[in-house]
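Q: Handing you a structure now.
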Amino acid sequence: MAKPKQITLGMDSSGPTLAVCAFDGEKIVALHHTGIKQEQFVLPLVQRALQKTGADLADVKKIFIVRGPGRFTGIRISLTFASMLKYLNGAVVCGATIFDVLRFQAGQSRSFSIWKKANPSGVLAVVLHAFREEYFLQFFDGSGEGPMWLGKEELVTRLAARKEPLYCAGTDKDGASLAGLLPTGYRLAPLAECRVRPQALIAMSHDPVYEKDALEPLYLKPARFELGR
């Protein structure tokens, strides 16, 4: 009798691209769909990924989700799906913010390791486009200060105010490099490191720290509210 499969799912629905991956203990199958009405595609996408591993929904024992920030509806898709698996399968739910995911990816990269060795007091900053001319920002400096939603000018000002060298990971509008947004003087992470990778979601799922508050979404408030926005 074949041994039951133990599948870990990874899911990110916080942005314009719905990304799903399935890990069977040996290989990762990753699929994605870009467009509106992601809720209509999430189950078919998951089923396709599972079929490629020879598994089905009942075999999912763990799921790792990106819990924000991003589109309200998109974040709810992952939260709802993870809650369903927790109820139906008793699956363990893990979750992290996209800031934490990019921090993890940077920490695993050779480029950051080399930079950090040359700049031991340096700080990682994650910058992500939020809406129009506004951005998400989080510094990983051990202060415990949470992420912020800032206007473009305030973002640039806050970065310039830091005395430590900065390694900036993240993306501008439409997933573009930060090079067109930030002035020179900062070390920018390679663009490939600034997109959520399936391998990172699966690797992070092994750390029980991400089980805490896994189903708590991160919704950030805009820097300002304007009539007619």
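Q: Does Glu193 qualify as being modelled with pLDDT under 95, surrounded by 14 or more Cβ atoms within 10 Å (Cβ to Cβ) and farther than 19 Å from Glu134 by Cα?
A: Considered against the rule, which asks whether it is modelled with pLDDT under 95, surrounded by 14 or more Cβ atoms within 10 Å (Cβ to Cβ) and farther than 19 Å from Glu134 by Cα, Glu193 comes out as yes.
Q: What's the total number of residues in segment 194-221 that are within 18 Å of Pro16 (Cα to Cα) and touching a Ser or Thr at 6+ places or on another chain (Cβ under 6 Å)?
A: Final tally of qualifying residues: 2.
Q: Name every residue in segment 38-54 that is small (Gly, Ala, Ser) and surrounded by 15 or more Cβ atoms within 10 Å (Cβ to Cβ), in order of residue number. Give the steps one after another, and end with the answer.
A: Keep residues of segment 38-54 that are small (Gly, Ala, Ser), which gives 49, 54.
Ala49 - this is the single residue of segment 38-54 that is small (Gly, Ala, Ser) and surrounded by 15 or more Cβ atoms within 10 Å (Cβ to Cβ).
Q: Could you count how many residues in segment 58-69 are part of a helix (DSSP H, G or I) and either out of contact with any Asp or Glu (no Cβ under 9 Å at 6 or more places or on another chain) or under 19 Å from Arg197 (Cβ atoms) (or both)? Step through it out loud before you land on a result.
A: First, the residues of segment 58-69 that are part of a helix (DSSP H, G or I): 58-59.
Filter once more, so that each one left must be either out of contact with any Asp or Glu (no Cβ under 9 Å at 6 or more places or on another chain) or under 19 Å from Arg197 (Cβ atoms) (or both): 58.
Result for segment 58-69: 1.
Q: Select from segment 1-57 the residues that are hydroxyl-bearing (Ser, Thr, Tyr) and in a strand (DSSP E or B) and list them in ascending order. Please lay out each step first, then the result.
A: Step one: list which residues in segment 1-57 are hydroxyl-bearing (Ser, Thr, Tyr), which gives 8, 13-14, 17, 34, 53.
Answer for segment 1-57, where residues must be hydroxyl-bearing (Ser, Thr, Tyr) and in a strand (DSSP E or B): Thr8, Thr17, Thr34.
Q: Then there is this: Which one of Gly175, Gly180, Gly151 is at positive phi and small (Gly, Ala, Ser)? Can you show your working first?
A: Values: Gly180 fails: at positive phi; Gly151 fails: at positive phi.
Only one candidate qualifies: Gly175.
Q: I'd like to check something: does segment 163-175 contain any residue that is in contact with a Cys (Cβ under 8 Å, 6 or more places away or on another chain), surrounded by 17 or more Cβ atoms within 10 Å (Cβ to Cβ) and touching a residue at least 60 places away in the same chain (Cβ under 8 Å)?
A: Narrowing segment 163-175 to residues in contact with a Cys (Cβ under 8 Å, 6 or more places away or on another chain): 169-171.
Remaining after also requiring surrounded by 17 or more Cβ atoms within 10 Å (Cβ to Cβ): 169-171.
Next cut, touching a residue at least 60 places away in the same chain (Cβ under 8 Å) only: 169-170.
There is at least one residue in segment 163-175 that is in contact with a Cys (Cβ under 8 Å, 6 or more places away or on another chain), surrounded by 17 or more Cβ atoms within 10 Å (Cβ to Cβ) and touching a residue at least 60 places away in the same chain (Cβ under 8 Å).
Q: Among the residues of segment 166-176, is any acidic (Asp, Glu), part of a loop (DSSP other than H, G, I, E, B) and modelled with pLDDT under 95?
A: We begin by selecting, within segment 166-176, every residue acidic (Asp, Glu); these are 172, 174.
With the extra rule that they be part of a loop (DSSP other than H, G, I, E, B), the set shrinks to 172.
Add one more test, that the residue is modelled with pLDDT under 95, and what stays is none.
No: zero hits.
Q: Anything in segment 49-60 that is more than 20 Å from Gly15 (Cβ to Cβ) and touching a strand residue (DSSP E or B) at 6+ places or on another chain (Cβ under 7 Å)? List them, or say none. Steps first, answer last, please.
A: Within segment 49-60, the first condition is being more than 20 Å from Gly15 (Cβ to Cβ), and the residues that meet it are 50-60.
Those that are more than 20 Å from Gly15 (Cβ to Cβ) and touching a strand residue (DSSP E or B) at 6+ places or on another chain (Cβ under 7 Å): Leu50, Lys52, Thr53, Ala55, Asp59, Val60.
Q: Among (1) of a type outside the set (Phe, Trp, Tyr); (2) assigned by TED's automatic domain parsing to the domain that holds Gln105; (3) modelled with pLDDT under 95, which single condition is Leu227 missing?
A: Going through (1) of a type outside the set (Phe, Trp, Tyr); (2) assigned by TED's automatic domain parsing to the domain that holds Gln105; (3) modelled with pLDDT under 95 one by one, Leu227 breaks only (2).
The values are calculated or read from the model by the stated rules, or taken from the named source; none is laboratory data. All of these numbers come straight from a predicted model, not from anything done at the bench. All Cβ positions, even for glycine, are placed from backbone atoms using ideal geometry, and neighbour counts span all protein chains on display.
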